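Inspection log for the structure reproduced underneath, given as structure tokens.
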Amino acid sequence: MDRKKRTVISLEHQSQLDFDEAEHSPPFTFPEYQRSLIGSRVAAGALDFGIVGLIYLVFVVVTYTQMPAGAVFFEKRVLGIYGAGYLLLVAIYFFLFMLSGGQTIGMRFRQLVVVTRDDQMLDPRGSCIRGFGYFISIMPLMLGFVWALIDPEHLTWADKVSGTFVRKL
């Protein structure tokens, strides 16, 4: 006679439910609050990407004017290199602004700031981790930012990796 394995649920590791944790958590850590910021975060991100785009456009124009005669600008390989360069510049932009003050220009314009769970400004280590989070959010075609739309907590990969939250000032 074959015996089926059954799942045993044990409460030994958690002797009581921890409903009190929600009472002591700051309001900006709740999914409802983060969901309410999605529009502001998208607007701030669009502004930041626009700023980087304008700066990068200057670079593209200068390099285009310096290309040798007969070079093909609209070749897939050249456009791919320019696209990768733009994404790298965006990652550097976010990283440096997180390191310098926890706010990008777009976030400042939309009155948003990145803080820890304890509502403290980022320290240099936290800024570096968040900068790395931006890098891994940007490289797979911005999927880390889109993730906030489908995530139950409405956090981006950068938020999750660094354990930080965005809140209104």
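The values are calculated or read from the model by the stated rules, or taken from the named source; none is laboratory data. Worth saying up front: this structure is predicted, and the values here are computed from it rather than measured. Counting neighbours? That spans all protein chains shown, and the Cβs are built from the backbone with ideal geometry, glycine included.
What to note about this one:
- Applying the condition of being out of contact with any Asp or Glu (no Cβ under 8 Å at 6 or more places or on another chain) and surrounded by fewer than 21 Cβ atoms within 10 Å (Cβ to Cβ) to region 93-109 and asking which residue is nearest to Tyr134 (Cα to Cα) yields Phe95.
- Boolean, Phe59 is assigned to a helix (DSSP H, G or I) and either closer than 30 Å to Val166 by Cα or within 14 Å of the chain's Cα centre (by Cα) (or both): no
- Scanning region 154-169 for residues that are more than 19 Å from Arg110 (Cβ to Cβ) and surrounded by 15 or more Cβ atoms within 10 Å (Cβ to Cβ), we see that the one that is nearest to the chain's Cα centre (by Cα) is Trp157.
- Complete set of residues in region 70-100 that are touching a residue at least 12 places away in the same chain (Cβ under 8 Å) and either at positive phi or in contact with a Leu (Cβ under 8 Å, 6 or more places away or on another chain) (or both): Met98
- So Gly39, is it out of contact with any helix residue (DSSP H, G or I) (no Cβ under 7 Å at 6 or more places or on another chain) and closer than 23 Å to Val166 by Cα: yes
- Only one of Gly106, Gly131, Gly83 that is more than 16 Å from the chain's Cα centre (by Cα) and either small (Gly, Ala, Ser) or closer than 17 Å to Ala46 by Cα (or both): Gly83
A quick yes/no check of all residues on (1) out of contact with any Phe, Trp or Tyr (no Cβ under 9 Å at 6 or more places or on another chain); (2) over 30 Å from Leu149 (Cβ atoms); (3) exposed (fewer than 12 other Cβ atoms within 10 Å of the Cβ); (4) at pLDDT 95 or above:
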position	(1), (2), (3), (4)
Glu21	yes, no, yes, no
His24	yes, no, yes, no
Leu47	no, no, no, yes
Ala69	yes, yes, yes, no
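- Residue check for Tyr93: over 19 Å from Pro26 (Cα atoms), aromatic (Phe, Trp, Tyr) and more than 13 Å from the chain's Cα centre (by Cα): no
- Long-range neighbours under 7 Å by Cβ, at least six apart or interchain, first residue crowded, with 21+ Cβ neighbours inside 10 Å within region 130-147, second among the β-branched types (Val, Ile, Thr) and at pLDDT below 85: Gly144/Ile138
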